[in-house]
Amino acid sequence: MKRKVIHCNSQVTGNVSNKRLFSGRVNNQAVYTEFTVIEGVTHMIRDSVMNRGLYTAKAFDELAKDLMASNARIPAPLSHPSDENGNFISANDPLIMSAHNVFAFDSDWRLVGDKLVSNTYIDMKRAAENENAEWLIERINNRQPIDRSTGLELYIVEENGIGPDGEEYDWRVESVANLDHSAILNPESEPGAKNNTEAVGMFTNGNGESAVEVAELHVNACSPNLSLPLAQADYAWNEAEAVNRIRKFSGSESAPSTNYRKFFMEFDATNVGDFGAYKMPFADVIDGRPYAVPAALEAINAESVAESDRQRIIANVEHYKSKMEKTMPNSKLAQFLNWLGKKFGVNAEMEYNRFVVNNIEYNEVDPMKEKILAALNAAGVKTEGLDDDALFAAYNEAMKPKGKVEDEDEMDDAEGNAKAKNSDVLAAVNALAEEIKQLKAANAAAAQAEIDAVAAQVANAGIMELEDAKKLSVKALNGLLAKSGVVVANGAGGFSQAPKFEPMPE
């Protein structure tokens with residue numbers, strides 16, 4: 001097993017109350033402290049995948065049992081403690097107190113369903129003495145969200161698999177060595193919902209064993225899994241049977257788990273324990289792993305939900321429909337390839353389905369390709385440097401039936417004409433292929449620049465995290481901005497003028 005240090009990010013929006021507690025005896029006098037209490041802070045979810053790691057039920061339950069039995073008071077420092085070189089330091093180190101201490105801790109540990117929850121106690125008078133905590137006082141007084149990041153030391157085992165929330169993982173947690181602290185983060189300068197490339201909690205473990213990584217902890221009302229692979233286009237959708245399989249897969253036979261919501265577009269957050277509260281399923285378990293089902297996505301009608309949720313659902317459905325456009329054989333891209341194939345004598349539909357839709361990878365020599373190469377070489381067609389599309393086009397041209405030749409002179413002329421024709425066809429195909437390649441690259445760059453620009457607007461408006469926003473289409477992002485009252489600007493990428501092609505037949 002390896003030892004790993006990780007910070008699990010979440011956001012606090014719980015109720016706020018006040019409590020007076022006995023905090024010690026000084027000069028033989030009892031001291032009581034007035035604490036502001038933020039209730040219901042979630043730190044972990046049982047059997048969930050965060051940052052490519054599976055937090056197993058075993059490790060989760062062991063940690064929860066220990067915390068509840070001891071009712072431990074875990075330090076809640078301002079930001080993650082570190083030394084001058086950025087190395088990890090425990091929040092219990094007295095040296096860090098002057099900078100990080102806001103007289104806060106987490107306690108009252110409990111399980112709420114499959115979530116590890118605590119209350120956060122803050123001595124507001126003493127916290128106000130820390131000049132770096134002004135934002136914290138303001139947000140608590142105004143009941144605004146506060147980002148948290150739980151500092152965990154883990155023992156992990158490298159292992160690949162699919163978690164109960166449908167996410168892929170590369171390692172699993174065998175046990176939690178230590179819950180050192182739960183840092184309080186300023187959403188403006190240290191937003192918790194960041195990944196480990198964005199300098200949030202990126203500290204090196206003091207003993208050099210591993211780097212501290214950051215995992216996102218999503219416990220919001222509706223966060224469907226947007227990274228599921230797509231089922232085949234013709235996969236039959238049976239909602240009742242699919243939901244039963246999702247229940248079993250997500251560990252929700254007796255009651256809905258937090259992972260259960262990952263396979264629905266909407267649910268009533270006030271009734272998380274009621275199966276009937278989960279609406280618009282879009283996934284099924286096929287051969288042991290969940291897939292997004294095209295027929296289910298097509299059946300989702302966002303008009304049936306409240307206006308406040310409509311744009312979010314539309315954006316999530318659009319995300320998957322965008323994936324469908326790129327991979328399904330009836331997509332506009334496939335139609336274009338088929339039209340192009342017919343125009344230039346290439347069976348593009350078959351090749352598209354083989355290489356794109358079915359995602360076939362050839363790691364060994366393809367016998368069919370070898371036969372094509374042999375036939376072309378025998379026909380005198382130069383194949384060096386040709387890609388698969390050009391080879392296939394040349395083969396189709398070379399194999400076309402030729403008229404009957406009466407004598408050797410005519411045969412020589414026919415052979416010469418065929419070679420010249422093949423050469424012309426190959427030159428045309430290569431030129432067109434290069435033009436299409438450049439066009440696709442330019443359009444992809446422009447489209448990505450536009451998505452990045454609009455996604456940044458969405459993230460800056462606090463509607464969605466940047467990485468999640470980048471997964472959506474510009475249309476969906478603009479819909480979210482418009483819904484939130486944000487003026488939608490033109491994309492940064494502008495528009496590119498594409499070469500004109502003959503229209504495809506309907």
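Compute the distance in nm between two label points, each set 7 Å from the Cα along the Cα-to-Cβ direction, one at Ser223 and one at Ser98.
About 3.8 nm, to one decimal.
Please tell me which of these pairs span more than 30 angstrom C-alpha to C-alpha: Lys248/Lys475; Lys19/Lys262; Lys58/Lys321; Lys58/Lys248; Lys262/Lys323?
Details: Lys248/Lys475 35 Å; Lys19/Lys262 36 Å; Lys58/Lys321 37 Å; Lys58/Lys248 18 Å; Lys262/Lys323 18 Å.
Check vs 30 Å cut-off fails for Lys248/Lys475; Lys19/Lys262; Lys58/Lys321.
Under a 5 Å amide H to amide H cut-off, with H placed in plane at 1.01 Å, what residues pair with Phe35 once short-range neighbours are removed?
Lys19, Arg20, Leu21
Just to verify a number: FRET efficiency for Ala233 and Gln29, C-beta to C-beta distance, R0 = 51 Å, to 0.05? Working shown, then result.
Working: r = 76 Å, r/R0 = 1.48.
My answer for the efficiency is 0.10.
Can you tell me how segment 239-327 classifies by the Cα gyration tensor, rounded, prolate or oblate, using a/c under 1.5 as the rounded cut? Intermediate values should be presented prior to the final figure.
Details: a/c = 2.23, a/b = 1.14, b/c = 1.96.
The shape class here is oblate.
For Lys475 and Gln144, compute 0.36 nm times the residue count separating them, minus their Cα-Cα distance, and round to one decimal in nm.
Details: separation 331, 0.36 × 331 = 119.16 nm, distance 3.00 nm.
Here the answer is 116.2 nm.
Based on the Cα coordinates of segment 12-135, what is the per residue volume of their convex hull in Å³?
Considering the Cα atoms of segment 12-135, their hull volume per residue is 148 Å³.
How many nm separate the modelled label positions at Ala449 and Asn71, each set 7 Å beyond the Cα in the direction of the Cβ?
Distance between the two pseudo-spin positions: 6.1 nm.
Stretch Ser90-Tyr155 to full length: gain in nm at 0.36 nm per residue minus the Cα-Cα span? Before the final figure, lay out each step's value.
On the way: separation 65, 0.36 × 65 = 23.40 nm, distance 1.73 nm.
Gain on stretching Ser90 to Tyr155: 21.7 nm.
Pull up all non-local amide H partners of Val102: gap of 5 or more, or a different chain, and H-to-H distance under 5 Å with H placed in the peptide plane.
Those qualifying (amide H under 5 Å, at least 5 residues apart or on another chain) are Leu78.
Every read-out reported here was derived from the displayed coordinates using simple, explicitly stated rules and does not represent laboratory data. Bear in mind that the values here come from a model prediction, so they are computed numbers and not experimental data. Neighbour counts are summed over all protein chains in view; Cβ atoms, including those assigned to glycine, are modelled from backbone coordinates with ideal geometry.
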